[in-house]
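One structure is given below, encoded as structure tokens.
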Amino acid sequence: MNDKNAPVISTGSAVASCLFCKIAAGQIPSRKVYEDEHILAFHDINPWAPVHFLMIPKMHINSMAQVGPEHEALIGRMMALAPRLALEQGCRPYPEGGFRVVTNTGAEGGQEVHHLHFHVMGGPRPWLRG
Ligand code: 5GP
Ligand code: ZN
């Protein structure tokens, strides 16, 4: 087999060891909020707020810094889903309630897990953080 026909192995070592890829693959358990072909949402293991879940693309993208025009549909779907999931998870309706959507990007952006994720946080204040 020449290089052109070699199978594309998309799991480089960074991806193979990625915590959120493992959660997306079901190799590490999570408390699921939502799942479809491209998107998974699950409760944060260490919540800052009464409602705190994470939305991830199932495909590995390191962070928002790598997002480009090819991801418009995926990111658009995630953003359009966030309000519905926030309400389903117990956030009160806007404007008295509401929620925060946060994505930490890179070291100076406070990112700890390098698989793109959106924190969705809400519920009555005070919160632990944020
Ligand atoms: P970051 O700081 O990268 O924006 O956020 C990573 C988030 O992932 C943190 O809020 C942290 O609590 C959460 N987290 C880390 N490990 C796990 C895990 O194994 N399971 C779940 N559900 N959340 C995790
Ligand atoms: Zn990943």
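The values are calculated or read from the model by the stated rules, or taken from the named source; none is laboratory data. What you are looking at is a predicted structure, and each value in this text was computed from that prediction instead of being measured. Note that we place each Cβ from the backbone using ideal geometry, even for glycine, and neighbour counts take in every protein chain shown. The protein model used for the area step is the full one, side chains on, heavy atoms only, and it has no ligands, DNA or RNA in it. Shrake-Rupley method; radii C 1.70, N 1.55, O 1.52, S 1.80 Å.
Things worth noting here:
- Condition met for ALA73 (modelled with pLDDT of 95 or more, farther than 19 Å from THR105 by Cβ and away from ligand 1 (no atom under 13 Å from the Cβ)): yes
- Residue check, LEU87 hydrophobic (A, V, I, L, M, F, W, C) and either open to solvent by 40 Å² or more (accessible area, probe 1.4 Å) or at pLDDT below 95 (or both): yes
- Residue in segment 10-23 that is nearest to ligand 1 (Cβ to nearest atom), counting only those that are surrounded by 11 or more Cβ atoms within 10 Å (Cβ to Cβ), without any contact (Cβ under 8 Å) to a residue 60 or more places away in the chain and not polar (S, T, N, Q): ILE23
- A search for C-beta distances below 6 Å between a residue of segment 106-130 that is part of a strand (DSSP E or B) and any residue that is polar (S, T, N, Q) and open to solvent by 20 Å² or more (accessible area, probe 1.4 Å), counting only pairs 6+ apart in sequence or on different chains, returns PHE118/THR103.
- Residue identified as open to solvent by 50 Å² or more (accessible area, probe 1.4 Å) and closer than 18 Å to ARG129 by Cβ among ARG92, ARG100: ARG100
- Of all residues in segment 103-112, those being within 11 Å of ligand 1 (Cβ to nearest atom) and loosely packed, with under 13 Cβ neighbours inside 10 Å number 5.
- The conditions of being outside any loop (DSSP other than H, G, I, E, B) and open to solvent by 60 Å² or more (accessible area, probe 1.4 Å) are met by GLU70.
- Filter result (part of a strand (DSSP E or B) and more than 10 Å from ligand 1 (Cβ to nearest atom)) within segment 34-43: TYR34, GLU35, ILE39, LEU40, ALA41
- Matching entry among ILE61, ILE23, ILE56 (being within 16 Å of ligand 2 (Cβ to nearest atom), in a strand (DSSP E or B) and modelled with pLDDT of 95 or more): ILE56
- Among the residues of segment 113-130, those identified as open to solvent by less than 30 Å² (accessible area, probe 1.4 Å) and within 11 Å of ligand 1 (Cβ to nearest atom) are HIS115, LEU116, HIS117, PHE118, HIS119, MET121.
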